[in-house]
Protein chains: 2
Amino acid sequence: MEVTRKNFQEALPLVGASIHKADFLVIDAEFTGLINGRDVTIFDSPQEYYTTLLNGSTDFLLIQYGLSAFCWDEAKKQYTNESYNFYLFPRGRPGPEKMFLCQSSSLDFLSAQGFDFNKLIKEGISYMTEPTETRLRENLTDRQSRSSDKESIMIPEENRSQIEGICKKVREFLDDATAQEMEIDRCNAFIRRLLFQELGTRFKTEAFVESKVLENKNRVLKVTKLKSATDVKDLDTQRKEKEWEEFNEAVGFSHVARMISQSRKLVVGHNMLLDVLHTLNHFFQPLPADYASFKEFTHCMFPRLLDTKYMSSLPPFKDKVNSTVLHHLLATLAEAPFSLPMAESEEGRGYKRADEKLHEAGYDAYITGLCFLAMHAHLARMRGEHCHRVSFMNSLLLKPFINKLFLAKTANQDSPYMNLAGADPTPSRDHVFHLKFPKEWQRNDINQLFSSYGQITVQFLDETSALVGLTRRDLAKTVARAFANSSRITLVPYLKYKALTNKTANPLERREETSEKFAKLCVVLTIVILSVFIYQVLKLLFPDDTVTAEY
Amino acid sequence: MEVTRKNFQEALPLVGASIHKADFLVIDAEFTGLINGRDVTIFDSPQEYYTTLLNGSTDFLLIQYGLSAFCWDEAKKQYTNESYNFYLFPRGRPGPEKMFLCQSSSLDFLSAQGFDFNKLIKEGISYMTEPTETRLRENLTDRQSRSSDKESIMIPEENRSQIEGICKKVREFLDDATAQEMEIDRCNAFIRRLLFQELGTRFKTEAFVESKVLENKNRVLKVTKLKSATDVKDLDTQRKEKEWEEFNEAVGFSHVARMISQSRKLVVGHNMLLDVLHTLNHFFQPLPADYASFKEFTHCMFPRLLDTKYMSSLPPFKDKVNSTVLHHLLATLAEAPFSLPMAESEEGRGYKRADEKLHEAGYDAYITGLCFLAMHAHLARMRGEHCHRVSFMNSLLLKPFINKLFLAKTANQDSPYMNLAGADPTPSRDHVFHLKFPKEWQRNDINQLFSSYGQITVQFLDETSALVGLTRRDLAKTVARAFANSSRITLVPYLKYKALTNKTANPLERREETSEKFAKLCVVLTIVILSVFIYQVLKLLFPDDTVTAEY
């Protein structure tokens, strides 16, 4: 079911019901970009991975959210899916004005998949974090409780005739029995401000003046005739109610995200780290800088997460799955020895596999659910079980995969996941080196350099440096010794390199520190020398024993 | 005429011809946002204005460019317009990957005007700056001149059966006389890399293997049968030519911007400062941090600029124009004592006023041109002239307006323009103060505070500070004296406040500087004292006249 701001209010109870009755939920999200600046390197630890994404990914916008609820049909002994594809766009007023980053290649990619950017911007549902919601709620309460206390502006000479002309027209409108409303356009913001003040003063009991934004975003002043004295109060109450309605609409999708969290159900995703980061950062709280706090925060909001990309990268799937790209995985799991489950739905409330709407968040969530069920059924079959309902009673089956988020970039090395409910893997980095090489070198020169020490993995950092990992870890010490005195290259063990880069991370600060230390040293030296000097001078002036150096 | 990447190559000669025969050109642009962070204040100098926009506006993207060429029809004695509306989107590959900012309210606004974001991203024309073009050109030349020298990767055990399976299928395809091409899909990037290597080695003389991106951005490997030995060379030459074509397409709209610059013709715009900044920054060179360099650079690229917003804000238009918002201005200039000129065009090459496509860059450029001609004709009539052709022979008419860009935010104060070909206005700021006030204060409390000193202009900076300008400039000293000892507020003259904020603008850097100066002072002091000390010591050791102080 496609959900935009047009049908969001009607859809919300349906979404709530789907979440309530589901065995598990699947999510997927689309963003305006993936990474800005330095990307993760293949040797990063989970903590470094988090820091890199926190700095490089969180300024992008989450623009589509897929939610697929898998509900067990006891009669048919199979799942049905109730899926929703939400277009999300946080518009300003009354929501917060949002500045966000886009990556041209990401938009280009989404466009090629048929993503509708016009629908996104025109009909996207708004959202905000909890702290923003609290702040805006307080502001609105505050503003509504205060009476209008705008300053009175003197009308500048040059605007007087225009203002008088319009006031005359409003007078005519009020005296004319036929019309009930009138609009005043072709005024800039300053003139509107003056008119608000003048019309409000002159026709206080006869007319209600308000600012109105037309479909094309032009602002006009709307003047409404007042029938009775209570009319002003009614119109004012209506305005306030409308402001709360609009505020609630601006909180928008955050309501859904919080329902998912509050359900505490199993939430499945494919390669879901970025989805989780953006979900927390856009609908709950800004992500903490501290990695341990992030893990705690995530586990608290989503106590059971399962990443199908991680699941498919472990035995017994690893050897049978050539590519864990989502639609490749789906195709593989549709063939023997696997089989996809039936999990269709009534028209309009879910997807069918034949819909083939790849990279539409709702559809991707749905096929991720299918992949999960196919792998779950395979595990169950291997244990000789026949019921294919996902159950946490039977937690042994899923336990190895729960709360471990796949780390795509480092997985081929040896740090394949982030463990949200326990200690992360701490793979050795003894076989990894930071290499500095001459600018004219190509990849083959590096291969040549290490040709006696087996296969290597190279990650270029810039034109003259790279990280190099040995496949033959036992040769690490030999390699370090062999290149210790090279004049053309420098080889530094990875951990030492990391320690150095962390130390020099903020050169300005360090320079300042050095300079301060130097200043202090000079002060001390000055004082010492000055004392000696004074002592000498005194000794010259009073060449007897009455002066005693006290230092 | 709408121009996208689909018809850009055909349109380019037409655009060139229009620029060539035009009397003057009009430009307009649409952006993904206006300002990020601190906006200009109403008391900013032109230099501060520039710095604020440089820091706050240049990360947004230029997404639509309107160019309207006004050409004189000597037979009809009137102008025709040849107008182009370009959709611009700098996609990566072979262009540079672009990260850019969006402001949600700006996209919302454009969407309400009917802006087609799907067309933008799917069909937008690419562009790049000159330094980027040079770098990418060198890279491509370099890459094409090098032979492929990728390292050979050992096939990991786990991928061997998949690779062998695919190699077998390719063998079958090569032996099959019917098919000419085959595509290999469902492979991740690593498998594609391995296949490239293996197929290249095993079927070197029989097959040409290349990577291909499908319409939906999926990457597959395309294998083509080779008919003869020269085939490889031909296919390779074709590939190289295609790469240059794609590169040229990626330079894209920059060609048009450079044609406009090279024409050295009068370029008109409405409120055109941001248009000029983005034009320079996206198609020419990154903007310089230094304001004087910026002015020089702009004047060099566009030697004759005219801003109709500035023109309409001066006599004889100022008093007759209530609002200088573009479509308000157009409506005003269509009525007596003004009149809009005829400047229509053949179907498909320009606009008519009745098109009413407000905020489409091409249309806005066109109506800006109409406004310019209407004001120009009015000036000419006032001087008793009858020919309405815009001429630089008759430069007196336009001279007061040339190369002065309107500064919208500060115009109501006294710094209405930036003068690209001379000294900027340097209005006095003696009547302006920086005010710090208690957090609970509202606007009315500030009005109250200044109630004895005439009308004031207030610009809030945050919850406890604002800039306050007196209308009665003669009272500046009185005000400063009156509040000198206030315990609730602090009032600092504007220039003093600016000097203070500039000093503390970068506290880290400044702290370092101070600390360095202090260190230097100490070193000098130490040397002086040490010299005196040594002199004294020497004097003690050799108490005769052989030692002479030489300092």
Scan the range A:21-37 for residues that are open to solvent by 10 Å² or more (accessible area, probe 1.4 Å), in contact with a Leu (Cβ under 9 Å, 6 or more places away or on another chain) and under 14 Å from A:Asp59 (Cα atoms) and jot them down.
A:Glu30, A:Phe31, A:Leu34, A:Ile35, A:Asn36
Taking the range A:32-87 and keeping only residues that are closer than 28 Å to A:Phe115 by Cα and among the basic types (Lys, Arg), one is left with A:Arg38
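State yes or no: is B:Ala250 within 14 Å of chain A (Cβ to nearest Cβ) and under 30 Å from B:Thr279 (Cα atoms)? Reasoning before the result, please.
Working: within 14 Å of chain A (Cβ to nearest Cβ): yes; under 30 Å from B:Thr279 (Cα atoms): yes.
Answer is yes for this residue.
Only one of B:Arg171, B:Arg91, B:Arg186, B:Arg192 is in a helix (DSSP H, G or I) and within 13 Å of chain A (Cβ to nearest Cβ); which? First the steps, then the outcome.
On the way: B:Arg171 fails: within 13 Å of chain A (Cβ to nearest Cβ); B:Arg91 fails: in a helix (DSSP H, G or I); B:Arg186 fails: in a helix (DSSP H, G or I).
Answer to the selection: B:Arg192.
Just give me the residues in the range B:214-241 being free of Cβ contacts under 8 Å to residues at least 40 places away in the same chain, closer than 27 Å to A:Leu110 by Cα and not in a helix (DSSP H, G or I), in sequence order.
Narrowing the range B:214-241 to residues free of Cβ contacts under 8 Å to residues at least 40 places away in the same chain: B:214-221, B:226-239, B:241.
Narrowing further to those that are closer than 27 Å to A:Leu110 by Cα: B:214-221, B:239.
Across the range B:214-241, the qualifying residues are B:Leu214, B:Glu215, B:Asn216, B:Lys217, B:Asn218, B:Arg219, B:Val220, B:Leu221.
Filter the range A:108-135 down to the residues that are assigned to a helix (DSSP H, G or I) and of a type in the set (Asp, Glu), then identify the one that is nearest to B:Thr32 (Cα to Cα). Break it down into steps so the answer makes sense when it comes.
Our first condition is that a residue be assigned to a helix (DSSP H, G or I); within the range A:108-135, this holds for A:108-112, A:117-123, A:130-135.
Those left that are additionally of a type in the set (Asp, Glu): A:108, A:123, A:130, A:133.
On the way: A:Asp108: 16, A:Glu123: 18, A:Glu130: 27, A:Glu133: 25 Å.
Only one residue tops the list, namely A:Asp108.
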Return the residues of the range B:152-198 that are touching a residue at least 40 places away in the same chain (Cβ under 8 Å) and of a type in the set (Ser, Thr, Tyr); say none if nothing qualifies.
B:Ser152
Six or more apart or on different chains, Cβ under 9 Å: which pairs go from a residue in the range A:1-17 that's part of a loop (DSSP other than H, G, I, E, B) to one that's β-branched (Val, Ile, Thr)? Could you list them?
A:Met1/A:Val15; A:Thr4/A:Ile125; A:Arg5/A:Ile125
Number of the condition not met by B:Val432 [criteria: (1) more than 14 Å from every other protein chain (Cβ to nearest Cβ); (2) farther than 30 Å from B:Tyr291 by Cβ]:
(2)
Any chance the range A:76-88 includes a residue that's free of Cβ contacts under 8 Å to residues at least 60 places away in the same chain, within 14 Å of another protein chain (Cβ to nearest Cβ) and among the aromatic types (Phe, Trp, Tyr)?
no
Look at B:Val458 and say whether it is over 23 Å from B:Phe372 (Cβ atoms), touching a Leu at 6+ places or on another chain (Cβ under 8 Å) and either at pLDDT below 85 or within 12 Å of another protein chain (Cβ to nearest Cβ) (or both).
yes
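Take the residues in the range A:111-135 that are at the interface with chain B (Cβ under 8 Å from one of its Cβ atoms) and either open to solvent by 60 Å² or more (accessible area, probe 1.4 Å) or aliphatic (A, V, I, L, M) (or both); name whichever of them is farthest from B:Phe117 (Cα to Cα). So that I can check it myself, show each step before the final result.
If we filter the range A:111-135 for residues that are at the interface with chain B (Cβ under 8 Å from one of its Cβ atoms), which is where we start, we get A:111-113, A:116-118, A:120-122.
In the following step, the residues that additionally are either open to solvent by 60 Å² or more (accessible area, probe 1.4 Å) or aliphatic (A, V, I, L, M) (or both) were identified as A:112, A:120-122.
Numbers: A:Ala112: 13, A:Leu120: 9, A:Ile121: 9, A:Lys122: 10 Å.
In this case the residue turns out to be A:Ala112.
If the requirement is being of a type in the set (Gly, Ala, Ser), in a strand (DSSP E or B) and either surrounded by fewer than 16 Cβ atoms within 10 Å (Cβ to Cβ) or at pLDDT 85 or above (or both), which of these qualifies: A:Ser148, A:Ser211? If you could, list the steps in order and put the result at the bottom.
Details: A:Ser148 fails: in a strand (DSSP E or B).
Residue meeting the stated conditions: A:Ser211.
Here is a list: A:Ser57, A:Ser68, A:Ser105. Which entry is at the interface with chain B (Cβ under 10 Å from one of its Cβ atoms) and among the hydroxyl-bearing types (Ser, Thr, Tyr)? If you could, list the steps in order and put the result at the bottom.
Numbers: A:Ser57 fails: at the interface with chain B (Cβ under 10 Å from one of its Cβ atoms); A:Ser68 fails: at the interface with chain B (Cβ under 10 Å from one of its Cβ atoms).
Step by step, each of A:Ser57, A:Ser68, A:Ser105 is checked, and only A:Ser105 is at the interface with chain B (Cβ under 10 Å from one of its Cβ atoms) and among the hydroxyl-bearing types (Ser, Thr, Tyr).
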Only one of (1) under 24 Å from A:Ile121 (Cα atoms); (2) facing another protein chain (nearest Cβ under 9 Å); (3) polar (S, T, N, Q) fails for B:Ser152. Which number is that?
(1)
Which count do you get for residues in the range B:22-41 that are within 14 Å of chain A (Cβ to nearest Cβ) and not aliphatic (A, V, I, L, M)?
8
Could you tell me whether any residue of the range A:51-64 is open to solvent by less than 10 Å² (accessible area, probe 1.4 Å), assigned by TED's automatic domain parsing to the domain that holds A:His386 and in a loop (DSSP other than H, G, I, E, B)?
yes
Any chance B:Ser312 is free of Cβ contacts under 8 Å to residues at least 12 places away in the same chain and small (Gly, Ala, Ser):
no
Number of positions in the range B:335-377 that are in contact with a Pro (Cβ under 7 Å, 6 or more places away or on another chain) and touching a residue at least 40 places away in the same chain (Cβ under 8 Å)
3
All positions within the range A:445-472 that are exposed (fewer than 13 other Cβ atoms within 10 Å of the Cβ) and in a helix (DSSP H, G or I):
A:Gln448, A:Ser451, A:Ser452
What number goes with the only condition from (1) in a loop (DSSP other than H, G, I, E, B); (2) exposed (fewer than 15 other Cβ atoms within 10 Å of the Cβ) that B:Glu138 does not pass?
(1)
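Every residue, every condition in (1) in contact with a Lys or Arg (Cβ under 9 Å, 6 or more places away or on another chain); (2) outside the structural domain of A:Gly95 (by TED's automatic domain parsing); (3) assigned to a loop (DSSP other than H, G, I, E, B); (4) of a type in the set (Phe, Trp, Tyr), yes or no:
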residue	(1), (2), (3), (4)
A:Asn248	no, yes, no, no
A:Asn271	yes, no, yes, no
A:Asn281	no, no, no, no
A:Lys295	no, no, no, no
Looking only at residues in the range B:432-454 that are over 38 Å from the mean Cα position of the chain (by Cα) and among the polar types (S, T, N, Q), which one is modelled with the lowest pLDDT?
B:Asn444
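Which residue is surrounded by the fewest Cβ atoms within 10 Å (Cβ to Cβ), if the candidates are limited to the range A:250-269 and must be of a type in the set (D, E, K, R) and not in a helix (DSSP H, G or I)?
A:Arg264
The values are calculated or read from the model by the stated rules, or taken from the named source; none is laboratory data. Bear in mind the structure is a predicted one, so any value in this text is a computation, not a measurement. Glycine gets a Cβ as well: all are built from the backbone with ideal geometry, and neighbour counts include every protein chain shown. We work out accessible area using only protein heavy atoms, side chains counted, and drop any ligands, DNA or RNA first. Shrake-Rupley method; radii C 1.70, N 1.55, O 1.52, S 1.80 Å.
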